[in-house]
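Peer 1: I'd like to ask some things about the structure below.
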Amino acid sequence: MSSTVYFAPMRSVKKTSLTKRAGALLERAGLGDAIADGDFVAVKIHFGEEGNTGFVQPMYVREVVARIKAHGGRPFLTDANTLYRGERSNSVDHIACAIHNGFGYATVEAPIVIADGLDGREACDVPISGGKHFESVKIGSAAVHADAMVVVTHFKGHEAAGFGGALKNVGMGLGCRSAKQRMHADFDPDVLAEKCTACARCVRSCPVEAIVIGPDRVALIDHELCYGCGECVASCPYGAIGIQWGTDASALQEKIAEHFAGAVSGKDGKIVYLTFVTNISPDCDCWSFSDAPVVADIGVLASTDPVAIDQAALDMVTGATGLPGSRGEGMTPGTEKFAAISGVDGTAVLRHSEALGLGTREYELVRVE
């Protein structure tokens with residue numbers, strides 16, 4: 001049986017703002033049914049790293065917050081702390097970064113609660129069933145204790161997972177810092193000496209200082225320190241660092257799916273997904289920059305099925321033409337853009353999520369003008 005995915009295209013035939021149309025999509029997808037009066041509602045959002053511009057902009061989040069309040073919910077914005085070195089590895093810096101990027105209360109009219117606390121250790125161990133890798137996963141406690149959730153996602157590429165959609169937004173995003181470590185534990189980067197220019201960008205990007213420039217002017221990686229976050233892979237402008245998987249690329253994605261299962265446990269019928277297939281960058285919003293979008297803006301999707309909404313977004317990007325001047329340049333409709341750019345097939349997360357009973361890849365797209 002297929003799931004319904006609602007779609008608002010970029011063009012507004014009725015001359016209605018995309019902000020209002022995104023809110024209307026949430027209503028069509030069943031926001032009112034998901035929220036009971038007085039519910040604590042986690043709005044899962046990626047606040048963007050300092051300097052990044054690809055994340056979902058605050059005016060859209062304000063519309064989500066207003067819709068939740070209209071149904072009697074008590075919304076708060078949330079994400080878990082990051083594993084890598086940056087502006088979001090602890091609650092103090094994380095909240096400051098969010099406010100700098102426009103997510104202050106005065107703008108979005110909801111407070112920020114970092115899911116795994118001050119230093120990433122406030123987490124609940126949530127049992128899951130059917131996992132290949134875990135019997136339980138550690139999820140930020142604020143997200144676990146919330147009554148309902150609205151997942152607001154920026155659909156984009158990802159250097160290690162192929163692409164980042166709703167499944168990754170929740171699975172990786174709400175895993176506490178130690179959970180992120182467990183998810184990243186299956187792969188190691190490797191340097192191709194003939195491509196390395198000793199520019200040291202990888203050195204600066206490494207969160208655990210596992211990379212140095214050796215005496216022969218080639219980057220050297222200490223695999224005892226490296227935990228496989230993939231930051232160096234994305235930072236290298238010359239393609240000199242590739243990922244050597246301990247198993248294969250699907251392991252990370254399967255672990256993301258299993259953490260997703262833990263994050264949504266106990267919230268059946270209480271979650272709605274809103275995905276922006278806009279500003280479709282080739283890299284994660286965790287970077288302190290945003291590269292050129294690989295295809296033109298497509299629109300916004302909403303559903304109660306996370307697998308279906310990710311599949312629909314991926315199909316839309318695959319069906320688009322690569323933009324000149326971007327890393328998608330020359331790519332024709334039918335080319336899976338993110339796999340071509342990163343070399344990673346991102347569909348394992350869809351397959352494993354479907355096998356875990358989290359949703360279906362079969363969907364009916366309903367266009368909403």
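All of the numbers you see were taken from the coordinates with simple rules; none came from a lab. A quick note: this is a predicted structure, and the numbers were derived from the prediction, not measured. Here the Cβ positions follow ideal geometry from the backbone for every residue, glycine too, while neighbour counts run over all protein chains shown.
Peer 1: Taking the 0 to 90 degree range and rounding to the nearest ten, how far is the long axis of helix 58-70 tilted relative to the main principal axis of the chain, both from C-alpha atoms?
Peer 2: 40 degrees
Peer 1: Any lysines with Cα under 27 Å of the Lys337 Cα? List them, leaving off those in the same chain fewer than 8 positions away.
Peer 2: Lys337 reaches Lys44, Lys156, Lys168, Lys180, Lys195, Lys255.
Peer 1: Can you tally the net charge around Thr318? Count Lys and Arg as +1, Asp and Glu as -1, for every other residue whose Cβ sits under 9 Å from the Cβ of Thr318.
Peer 2: Numbers: positive: Lys337; negative: Asp315, Glu336.
Here the count lands on -1.
Peer 1: Something else about it: Could you compute the net charge surrounding Val41? Neighbours are other residues with a C-beta less than 12 Å from the C-beta of Val41; K and R count +1, D and E count -1. Spell out each step's value before the answer.
Peer 2: On the way: positive: Lys44, Arg67, Lys69, Arg74, Lys267, Lys270; negative: Asp37, Asp39, Asp147.
Residues near Val41 contribute +3 overall.
Peer 1: Place a +1 charge on the Cβ of each Lys and Arg in the stretch 187-245 and a -1 charge on the Cβ of each Asp and Glu, then give the dipole magnitude about the Cα centre in debye, rounded to the nearest 20. The partial results should precede the final answer.
Peer 2: Values: 4 positive and 8 negative charges, 58 e Å.
Using Cβ point charges on Lys, Arg, Asp and Glu, the stretch 187-245 gives about 280 debye.
Peer 1: Related question: Can you give the relative contact order of the chain as a percent, counting alpha carbon pairs under 8 Å and 6+ residues apart? Intermediate values should be presented prior to the final figure.
Peer 2: Working: 889 pairs, mean separation 88.5, N = 369.
Value for the chain: 24 percent.
Peer 1: Another one. Rounded if a/c is under 1.5, else prolate if a/b is larger than b/c, else oblate: which is the stretch 323-369, with a ≥ b ≥ c the root eigenvalues of its Cα gyration tensor? All intermediate terms of the calculation are to be shown ahead of the outcome.
Peer 2: Numbers: a/c = 3.61, a/b = 1.44, b/c = 2.50.
Oblate, since a/c reaches 1.5 and b/c is not below a/b.
Peer 1: Then there is this: Please give the net charge around Ile298, taking every other residue with its beta carbon less than 11 angstrom from that of Ile298, where Lys and Arg add +1 and Asp and Glu add -1. Numbers along the way, then the final one.
Peer 2: On the way: positive: Arg11; negative: Asp297, Asp315.
Cβ neighbours under 11 Å give a net charge of -1.
Peer 1: Once both axes come from the Cα atoms, what is the angle between helix 250-264 and the longest principal axis of the chain, in degrees from 0 to 90, rounded to 10?
Peer 2: 30 degrees
Peer 1: Rounded to the nearest 10 degrees, what's the angle between the helix 306-318 long axis and the longest principal axis of the chain, both from Cα atoms, 0 to 90?
Peer 2: 60 degrees
Peer 1: Same structure again: Given the Cα atoms of the stretch 187-245, and with Rh set as the inverse mean 1/r over their pairs in the Kirkwood sense, what is Rg to Rh to two decimals?
Peer 2: Details: Rg = 9.9 Å, Rh = 11.0 Å.
Using Cα coordinates only, the ratio equals 0.90.
Peer 1: At what distance in angstrom do the alpha carbon centres of the stretch 106-139 and the stretch 143-193 lie from each other?
Peer 2: 12 Å
Peer 1: Now a separate question. Taking the structure as given and computing P(r) over Cα pairs in 10 Å bins from 0, in percent, which label from (1) 6, 25, 36, 24, 7, 1, 0; (2) 5, 21, 30, 27, 14, 3, 0, 0; (3) 5, 24, 32, 24, 11, 4, 0 fits?
Peer 2: (1)
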